Amino acid sequence: MLAGAKLTLFLFCFTLLFSLPLGLLFSFVRIGRRRIPRTIMGGYIWVMRGTPLLLQLFFVYYGLPFLPGFEGLIVLDRLPAASLTFVLNYAAYFAEIFRGGIASVDRGQYEAARVLGFSRYKTATKIVIPQMFKVVLPAVSNESITLVKDTALVTVLGLGELLHFAKIAVNRDSNVAAFAVAAIFYLAMTAALTGLFQKLETRYNYE
Amino acid sequence: MKNSEMLRVEGLQKSFGKLEVLKGVSLTVRKGDVIAVIGPSGSGKSTLLRSVVNLEKVSGGSIRVEGEYLVEDGRYATEKDQRRIAAKMSMVFQHFNLFPHMTVRDNLTCAPLIVKKEDPEQVFQRCRDLLRMVGLVEKIGSYPSQLSGGQKQRVAIARAMMMRPEILLFDEPTSSLDPELTGEVLAVMKDLAGKHMTMVVVTHEMGFAREAADEVLFMDEGIILEQGTPKEIFRTPKHERTRAFIEKVL
């Protein structure tokens with residue numbers, strides 16, 4: 001079961017590490033000036049948020065090898081398939097969260113930055129993103145807690161994460177204790193996350 | 001260079017869709033001038049100021065700062081020149097627009113350090129000097145949320161001065177303040193006027209216009225209807241509309 005916990009933890013960290021910056025990038029495209037990328041990103045976010053993550057996992061792992069025109073070309077191993085799907089899925093959610101956070105920054109902030117001579121890039125990195133960061137913290141906290149539990153989905157690809165081994169142990173020993181252990185692990189992770197985000201919120205509580 | 005021309009606006013036109021906000025506005029500001037722009041809301045005062053500092057794009061006319069065209073007959077200078085010319089001016093906003101995630105110190109020093117890449121020691125020295133001028137040295141480590149409205153606006157004035165502008169523009173600097181807090185902001189502005197800072201002030205504070213301004217412009221429906229010394233505008237206005245406005249606000 002320890003190996004399972006390790007995989008769960010890996011999937012969680014990997015997803016956050018890549019989906020957060022990717023989500024930020026996506027949100028910029030989503031609110032950008034260029035119309036075609038903006039529309040495509042809107043469609044992407046709609047599909048990723050509008051279909052079950054489970055379906056997306058199946059599609060990437062079982063479906064891509066049979067993609068018409070690319071038969072046998074995109075064959076991913078279980079873990080890369082799961083990691084990729086999670087990153088792409090969560091990036092879509094984070095993109096929407098960040099978009100909302102950016103929209104909450106007052107127009108006057110941009111004007112003040114402009115009059116002070118800030119370039120568009122410096123306005124984004126020094127003025128808008130730091131303020132967005134504070135606004136999106138609660139939503140990002142929520143989303144990361146959901147992610148902890150979503151990792152259990154990869155068991156359907158036969159990946160040996162926490163729940164996978166818990167189920168084996170329960171069947172082997174005819175005893176539910178392993179489920180309780182798994183539950184405690186998930187709870188511990190969400191408790192740690194809640195604490196971490198509370199700390200961040202206090203630290204960025206400038207008003 | 002005293003009394004040299006700092007800003008010349010000629011025939012400025014600006015529309016928002018079908019609505020014509022500026023219908024050919026012209027004015028000249030000389031070094032050390034304090035110009036008060038008064039008039040009813042919707043008369044185009046703020047749009048005039050925002051166009052001068054390049055926050056709005058005009059549809060016609062010219063804006064010249066120290067002889068250089070920001071826009072000439074509706075044609076704008078290159079992006080790079082626009083930046084350089086607009087950097088000669090700084091602006092104080094109605095809603096302060098301080099950066100809430102930065103301390104007072106960082107609000108003042110961020111642009112000189114990040115944008116202009118000036119020597120930090122000089123920047124911090126200037127920061128302290130300007131905070132002393134607006135009477136807020138002890139708030140250097142505070143966040144904007146810990147300040148009153150009047151204090152915020154004084155910090156905003158100091159921040160604008162950090163850029164060492166040739167011209168300082170004020171867009172209704174006291175309009176979002178509680179009445180008892182306008183005095184401290186106006187005092188700072190009068191102090192600056194006394195130091196011969198070139199200022200264009202859009203304001204509803206007739207007291208300030210009367211006491212501190214060299215020239216008062218009365219704007220109405222997108223044009224400068226009347227301009228003159230405070231005495232002329234307040235005591236002997238030529239136009240009926242000017243008279244009616246002044247009677248209403250005094």
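The values are calculated or read from the model by the stated rules, or taken from the named source; none is laboratory data. Everything numeric in this text was worked out from a predicted model, so none of it was measured. For neighbour counting, all protein chains shown are included, and Cβ atoms are generated from backbone atoms with ideal geometry for every residue, glycine included.
Answer yes or no as to whether B:Met161 is of a type outside the set (S, T, N, Q) and without any contact (Cβ under 8 Å) to a residue 60 or more places away in the chain.
Judged against the criteria, B:Met161 is not a match.
Please list, ordered by first then second residue, the pairs with beta carbon atoms under 7 Å, 6 or more apart or interchain, first in segment B:92-104 and more than 7 Å from every other protein chain (Cβ to nearest Cβ) and of a type outside the set (A, V, I, L, M), second in a loop (DSSP other than H, G, I, E, B) and buried (at least 24 other Cβ atoms within 10 Å of the Cβ).
B:Gln94/B:Pro173
Cβ-Cβ under 7 Å, sequence separation 6+ or interchain: first residue in segment A:193-207 and within 11 Å of another protein chain (Cβ to nearest Cβ) and outside any helix (DSSP H, G or I), partner polar (S, T, N, Q) and surrounded by 13 or more Cβ atoms within 10 Å (Cβ to Cβ). Which pairs?
Qualifying pairs under 7 Å: none.
Only one residue in B:Phe124, B:Phe170 is surrounded by fewer than 21 Cβ atoms within 10 Å (Cβ to Cβ), within 28 Å of B:Gly32 (Cα to Cα), aromatic (Phe, Trp, Tyr) and touching a helix residue (DSSP H, G or I) at 6+ places or on another chain (Cβ under 9 Å), so which one is that?
Values: B:Phe170 fails: surrounded by fewer than 21 Cβ atoms within 10 Å (Cβ to Cβ).
Of the residues listed, the single one that is surrounded by fewer than 21 Cβ atoms within 10 Å (Cβ to Cβ), within 28 Å of B:Gly32 (Cα to Cα), aromatic (Phe, Trp, Tyr) and touching a helix residue (DSSP H, G or I) at 6+ places or on another chain (Cβ under 9 Å) is B:Phe124.
For segment B:175-186, check the following and say yes or no: at least one residue is surrounded by fewer than 17 Cβ atoms within 10 Å (Cβ to Cβ), part of a helix (DSSP H, G or I), at pLDDT 95 or above and more than 14 Å from chain A (Cβ to nearest Cβ).
Taking every residue of segment B:175-186 in turn, none turns out to be surrounded by fewer than 17 Cβ atoms within 10 Å (Cβ to Cβ), part of a helix (DSSP H, G or I), at pLDDT 95 or above and more than 14 Å from chain A (Cβ to nearest Cβ).
For segment A:50-69, state whether one or more residues are touching a helix residue (DSSP H, G or I) at 6+ places or on another chain (Cβ under 8 Å) and closer than 21 Å to A:Phe98 by Cα.
yes
Which residues, counting only those in segment B:235-250, are closer than 17 Å to B:Ile223 by Cβ and of a type in the set (Ser, Thr, Tyr)?
Scanning segment B:235-250 gives a single hit, B:Thr242.
What are the residues in segment B:111-167 that are assigned to a helix (DSSP H, G or I) and of a type in the set (D, E, K, R), if any?
Those that are assigned to a helix (DSSP H, G or I) and of a type in the set (D, E, K, R): B:Glu121, B:Arg126, B:Arg128, B:Asp129, B:Arg132, B:Glu138, B:Lys139, B:Lys152, B:Arg154, B:Arg159.
Restricting the search to segment B:70-87, which residues are more than 14 Å from chain A (Cβ to nearest Cβ) and either touching a helix residue (DSSP H, G or I) at 6+ places or on another chain (Cβ under 7 Å) or of a type outside the set (Asp, Glu) (or both)?
B:Val71, B:Gly74, B:Arg75, B:Tyr76, B:Ala77, B:Thr78 - these are the residues of segment B:70-87 that are more than 14 Å from chain A (Cβ to nearest Cβ) and either touching a helix residue (DSSP H, G or I) at 6+ places or on another chain (Cβ under 7 Å) or of a type outside the set (Asp, Glu) (or both).
Which ones in segment A:73-131 are assigned to a loop (DSSP other than H, G, I, E, B), of a type in the set (Gly, Ala, Ser) and either more than 10 Å from every other protein chain (Cβ to nearest Cβ) or surrounded by 22 or more Cβ atoms within 10 Å (Cβ to Cβ) (or both)?
Matches in segment A:73-131: A:Ser104 only.
Scan segment B:177-214 residue by residue and report those that are free of Cβ contacts under 8 Å to residues at least 60 places away in the same chain and aliphatic (A, V, I, L, M).
Matches in segment B:177-214: B:Leu177, B:Leu181, B:Val185, B:Leu186, B:Ala187, B:Val188, B:Met189, B:Leu192.
For segment A:154-164, how many residues are in a helix (DSSP H, G or I) and surrounded by fewer than 21 Cβ atoms within 10 Å (Cβ to Cβ)?
Summing the residues that are in a helix (DSSP H, G or I) and surrounded by fewer than 21 Cβ atoms within 10 Å (Cβ to Cβ) in segment A:154-164 gives 3.
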